[in-house]
1. Could you tell me which residue of region 157-166 is farthest from residue 19 (Cα to Cα), considering only residues that are free of Cβ contacts under 8 Å to residues at least 40 places away in the same chain and surrounded by 13 or more Cβ atoms within 10 Å (Cβ to Cβ)?
2. With respect to residue 173, determine if the residue is part of a helix (DSSP H, G or I), in contact (Cβ under 8 Å) with a residue 24 or more places away in the chain and surrounded by fewer than 17 Cβ atoms within 10 Å (Cβ to Cβ).
3. Can you confirm whether residue 24 is modelled with pLDDT under 90 and closer than 30 Å to residue 166 by Cβ?
4. Which of the residues spanning region 52-78 are more than 20 Å from residue 89 (Cα to Cα) and part of a loop (DSSP other than H, G, I, E, B)?
5. Only one residue in 92, 51 is surrounded by 14 or more Cβ atoms within 10 Å (Cβ to Cβ), more than 19 Å from residue 179 (Cα to Cα) and in contact with a helix residue (DSSP H, G or I) (Cβ under 7 Å, 6 or more places away or on another chain). Which one?
6. Considering every residue within region 8-24, establish whether at least one is surrounded by fewer than 15 Cβ atoms within 10 Å (Cβ to Cβ), more than 21 Å from the chain's Cα centre (by Cα) and either free of Cβ contacts under 8 Å to residues at least 24 places away in the same chain or within 30 Å of residue 146 (Cβ to Cβ) (or both).
7. For region 25-48, enumerate the residues that are surrounded by fewer than 18 Cβ atoms within 10 Å (Cβ to Cβ) and assigned to a helix (DSSP H, G or I).
C-alpha cells in the first residue's frame, strides 16, 4: 500500500459517509413536501416489494401535497397502504386514480425533536469521518514502521489527511445547518 492509496481510500470513505448523511437528512421530514420522502416506500407489486417510484409517477401538487399517480389502477389501495404503513406519519387519500399525500404541519415541539435527531445524525457522521482519519493514520504508521516511507512523508501525509478530515467535517456542519434552517422554517 502506498501513501496515495491510503489518502484515496480515506477520501472515498469520507465521501461515502457524506452521502449517507445526506440520505439520512433527506429522510427527516420538514413541513414542505418533496417526493424524496417517499423514496423508501415499497409497494407489494405481483408479490415483490417494489420501490414506489417504479410503479407510480410522483409529483408535487403544491408546497404541502405530493401527488402519486399509479401506472396501474389496481395498485391504488396497495400504494395507499404502503404509504400509511411506512412510519412517516402521512395519511394518503385517493381521488379516483390519483393519490394525494398531504404533509401535516409540524408543531414547534416536533421541529425541536427533529432538530435533535438531525444533530445526532451529523455527530455520527463526524465520528465516522474521525474514525476513517484514525484508520488512515494507522495505515501510514505501518508504512513508516516497514520503512516504506520516510518520517517527512508520514508527517506530510498525516497533514493532508487532517485537511481532508477538516474539509469533510465542515461539509457535515454545512449540511446540518441547512437542514436545521429547513426544519425551523414555518
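The values are calculated or read from the model by the stated rules, or taken from the named source; none is laboratory data. Please read all numbers here as calculations on a predicted model, not as lab measurements. For neighbour counting, all protein chains shown are included, and Cβ atoms are generated from backbone atoms with ideal geometry for every residue, glycine included.
1. Residues of region 157-166 that are free of Cβ contacts under 8 Å to residues at least 40 places away in the same chain, as a first pass: 158-159, 162-163, 166.
This time we only want the ones that are surrounded by 13 or more Cβ atoms within 10 Å (Cβ to Cβ), so: 158, 162.
Working: 158: 24, 162: 20 Å.
It comes out as 158.
2. So residue 173 fits the description; yes.
3. Working: modelled with pLDDT under 90: yes; closer than 30 Å to residue 166 by Cβ: yes.
Judged against the criteria, residue 24 is a match.
4. 55, 71, 72
5. Just a single option satisfies the conditions, and that option is 92.
6. Yes: region 8-24 contains one or more residues that are surrounded by fewer than 15 Cβ atoms within 10 Å (Cβ to Cβ), more than 21 Å from the chain's Cα centre (by Cα) and either free of Cβ contacts under 8 Å to residues at least 24 places away in the same chain or within 30 Å of residue 146 (Cβ to Cβ) (or both).
7. 26, 27, 35, 36
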